[in-house]
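Novice: Quick one: the structure is below, questions incoming.
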Amino acid sequence: MTKIMVVDDDKHIAELISLYLRKEGFETREIHNGRVAVEAFATYAPSLVLLDLMLPEMDGYQVCREIRRMSQTPIIMLTAKGETFDKVLGLELGADDYIVKPFEPKELVARVKAVLRRFDNKTPTASSAIVMPNLTIDPERLILIYHGKELDLPPKEFELMYYLASHPGRPFTREQLLSACWGYDFAGDTRTVDVHVKRLREKMNKNDNWAIKTVWGTGYKFDKISGDSHDH
């Protein structure tokens, strides 16, 4: 049975969410404290985490960061309407989606199923490694080697780099990249893509004969570059 950890300091809301999820055949565990959530994650080993932003002891951002150190288990952030939720920050920390309270139970269940489906469909073993001068991207082992050194990339940065490098010379809009790496039903901010590209460029900043190039008015492409011209 698919296990879902529901982390919300409001016991009534946590119970309500659990009720809807159990009706759909999920097993749930409710937790009301951020620090306890991090400890429980390791032992409960859920398939997905629903994570409220405002929590005692550790907030949702901190919990998300700690879980990401241990696992790539999908995380959906829960935020109350009117709360200042930085979508870009949440996504940078590794959240897979977010949903604003109050929400329709059907929408919550649909989002949970969609994120789980996306996660299950990721079969990197079917993808082949990309090998170029000074760059190897191995999706099977989730390893990127740049100039002989293994770079420790967060999952979304890795996915974005692999996706762009898999289609050399092809320009993508920010929306297309969001769809490909964050999922079609992700109502995200396209600025997220810019932030991730900026970080990749900072990490891969040597004068190579390829780069992630900005396509003005469109988005980005992974392309070979001639001579010493750089588009950083």
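The values are calculated or read from the model by the stated rules, or taken from the named source; none is laboratory data. Bear in mind the structure is a predicted one, so any value in this text is a computation, not a measurement. Neighbour counts run over all protein chains shown; Cβ positions are idealised from the backbone, glycine included. SASA here: full protein model, heavy atoms, side chains in, ligands and nucleic acids out. Shrake-Rupley method; radii C 1.70, N 1.55, O 1.52, S 1.80 Å.
Novice: Obtain the nm distance between the two label points defined at PHE103 and THR2 by a simple spin-label model: each point lies 7 Å from its Cα along the Cα-to-C-beta direction.
Specialist: According to this spin-label approximation, the distance is 1.4 nm.
Novice: What accessible area per residue, rounded to a whole number of Å², is obtained for the chain using a probe radius of 1.4 Å? Please list the in-between numbers first.
Specialist: Working: 11680 Å² over 232 residues.
Here the residues of the chain average 50 Å² of exposed surface.
Novice: Shifting gears a bit: How high is the relative contact order of the chain? Use alpha-carbon pairs under 8 Å, at least six apart in sequence, and give a whole percent.
Specialist: Values: 358 pairs, mean separation 28.7, N = 232.
Once divided by the residue count of the chain, the mean separation gives 12 percent.
Novice: Mind checking the full-extension length gain between ALA129 and ILE143? Use 0.36 nm per residue of separation minus the Cα-Cα distance, one decimal, nm.
Specialist: Values: separation 14, 0.36 × 14 = 5.04 nm, distance 0.95 nm.
Additional length available on full extension: 4.1 nm.
Novice: Shifting gears a bit: May I ask for the percentage of alpha-carbon pairs in region 8-113 that lie more than 20 Å from each other?
Specialist: Values: 1767 of 5565 pairs.
When all Cα pairs of region 8-113 are counted, 32 percent exceed 20 Å.
Novice: A further question follows. For GLU57 and GLU27, what is the calculated FRET efficiency with R₀ set at 25 Å and r taken between the beta-carbons, to the nearest 0.05?
Specialist: Values: r = 25 Å, r/R0 = 1.00.
Calculated value: 0.50.
Novice: Return the sequence-ordered ³J(HN,Hα) values of region 193-209 in whole Hz as given by the Karplus equation 6.51 cos²θ - 1.76 cosθ + 1.60 applied to θ = phi - 60°, using x for Gly and Pro.
Specialist: 4, 4, 4, 5, 5, 4, 5, 4, 5, 5, 7, 10, 10, 7, 7, 8, 8
Novice: So how much accessible area does SER166 have, in Å² to the nearest 10, using a 1.4 Å probe?
Specialist: 50
Novice: Can I ask one more? Leaving out ligands, DNA and RNA, what percent of the accessible area of the chain is carbon and sulfur, probe 1.4 Å? Don't skip to the end; give the middle numbers.
Specialist: Details: 5880 of 11680 Å².
Accessible surface attributable to carbon and sulfur in the chain totals 50 percent.
Novice: Evaluate E = 1/(1 + (r/R0)^6) for THR214 and ALA180, where r is the Cβ-Cβ distance and R0 equals 22 Å; express this FRET efficiency to the nearest 0.05. Working shown, then result.
Specialist: Numbers: r = 18 Å, r/R0 = 0.80.
Taking R0 as 22 Å, the efficiency between THR214 and ALA180 is 0.80.
Novice: Further question on the same structure: Once fully extended, how much extra length lies between GLN72 and ASP120, figured as 0.36 nm per residue of separation less the alpha-carbon to alpha-carbon distance?
Specialist: Details: separation 48, 0.36 × 48 = 17.28 nm, distance 1.18 nm.
The span from GLN72 to ASP120 would gain 16.1 nm if fully extended.
Novice: Additional query: Please list the equivalent ellipsoid semi-axes of the chain, computed as the square roots of five times the alpha-carbon gyration tensor eigenvalues, in descending order and whole angstrom.
Specialist: On the way: eigenvalues 250, 61, 51 Å².
Listed largest to smallest, the semi-axes of the chain are 35, 18, 16 Å.
Novice: So, one more: Mind giving me the nanometre distance, one decimal, between the label points for ALA165 and ARG65, set 7 Å out from Cα along Cα→Cβ?
Specialist: Rounded to a tenth, the inter-label distance reads 2.7 nm.
Novice: Points 7 angstrom from Cα along the Cβ direction at THR136 and ALA45: gap in nanometres?
Specialist: The modelled label-to-label distance comes out at 3.0 nm.
Novice: Excluding residues on the same chain fewer than 8 positions from LYS11, give the aspartates and glutamates whose Cα lies under 14 Å from its Cα.
Specialist: Partners found: GLU30, ASP52.
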